[in-house]
Amino acid sequence: MTVLGATRYLAESVDRSARGRDTSSKGEYNFDALAGASDAFAEAFFCLSVPFSTSLQSGRESLYNRVMDLMNMRISSIHAVLIMSLWLLSSCGEQGGEGPIVPPPPAPTEYADKHMPADWWGNVQKLEEGRKLFIGETNPDVNCASCHGKDGKPVKAGATDFRNPERMKLYSDSVWFWRISEGVPNTKMKGWKSKLSEEDRWKLVLYERNFGLAGKAWNEEKKQWGDAGTE
């Protein structure tokens, strides 16, 4: 029974019972019949209250479920945003998308004893040749600037930022040369030894060093970068 039907039934039941007439009473209400009206009222009210309370309970549950669904959706959205934010921070970082500054692995045996020719550190001509290699002018197949940026500011996520001296001072000239030659596993950094001669790769080390360690030279004896004049 609907709420409207139950309401109508309530009104009709009470009226029928309360208006029961005694033929000898000049049309007045039969008060004995009024007693029966209370039973009719109770019955009708029960018919009204059951579907109403059931509907109310169902509505309450439906509303609760809807609110919980919205909350779960909101929590899931926030969770997704947090994961994406953490991923972006870890992949892009503050310095060229490299993440925390940690020392690179040491150069393998075949590269460990390779070093920049001593008289190259202050050689302007070699530096200029390294610049042309870096921007792809000398060899179109090798364009370091397409990832690392012409001014050393990376234009692609994950590319090393050569402007950061705190990071780059952890790279010996041997490690730098090794990375240019062989690339970096699990990254977009290719190895260029098949495209560039050993001299050209050293020219790239010379030019890339100039972004963050200008005027510095690697001191193999001290295992650190120092002024080129005291190398």
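Working out 0.36 nm times the residue gap between Gln224 and Asp69, then minus their Cα-Cα distance, what length gain in nm do you get to one decimal? Walk me through the intermediate numbers first.
Numbers: separation 155, 0.36 × 155 = 55.80 nm, distance 5.88 nm.
49.9 nm is the gain from fully extending Gln224 to Asp69.
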Using the basic label-point model (7 angstrom from Cα toward the beta carbon), what is the Asp151 to Ala112 distance in nanometres? 4.1 nm
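Each reported figure results from applying straightforward, stated rules to the coordinates on display, with no laboratory input. Bear in mind that the values here come from a model prediction, so they are computed numbers and not experimental data. Neighbour counts run over all protein chains shown; Cβ positions are idealised from the backbone, glycine included.
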